[in-house]
1. Put a dot 7 Å past each Cα toward the Cβ at residue 78 and residue 195; how far apart are the dots in nm?
2. Packing-wise, with mean Cβ within 10 Å as the measure, how do 89-95, 55-61 rank, highest first?
3. 7 Å from Cα along Cα→Cβ at both residue 163 and residue 105: what's the point-to-point distance in nm?
4. Measure off 7 Å from each Cα along the Cα-to-Cβ vector at residue 177 and residue 144, then give the distance between these two points in nanometres to one decimal.
């Protein structure tokens, strides 16, 4: 019996569990770095989009491998700063879910745009993810908790991007097909979130 490559198993895990996961389960009482680090892992919408950025970066290749994640994280920090300040425009959750669909489709259909255009797309997604993160990170009243939360959020986001990049880099001889399958799984996860 031939072993299934790990990226396929991970993609199937996303699809299998997304339908039973809530977008954002209740946040615990943690404040600071831990709260920020945990937040991207607390909702499938964030998780799928952040992994997708890394996966698409690998698919596009070249400078995109570091430019797309950097664009997302930079824009996310700006958005999170706004969220921490209490700025929460209407429809943020809709934009976040739309980013899951957009990134999943770009990967599934192997869309290779110029790096600058790709960076702009992920930056727009990053702003909305950042606003939601910043608004939801618990604070301790000193300002330090929010800052440490932001640092934790950046660390977790970097790990999720690195995971997506690794999935693409180590997918084996059928890399193109495995990466596209990962994009389709992200699309399916977005649909499952809509129906949950």
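1. 3.7
2. On the way: 89-95: 12.1, 55-61: 24.6.
Final packing ranking: 55-61, 89-95.
3. With each label placed 7 Å out from Cα toward Cβ, I get 2.5 nm.
4. Between residue 177 and residue 144, the simple spin-label model gives 5.5 nm.
FYI, it's all coordinate maths here, none of it is from the lab. Note that the structure is predicted; figures quoted are calculated from it, not measured. Virtual Cβ from ideal backbone geometry, glycine too; neighbours counted across all protein chains shown.
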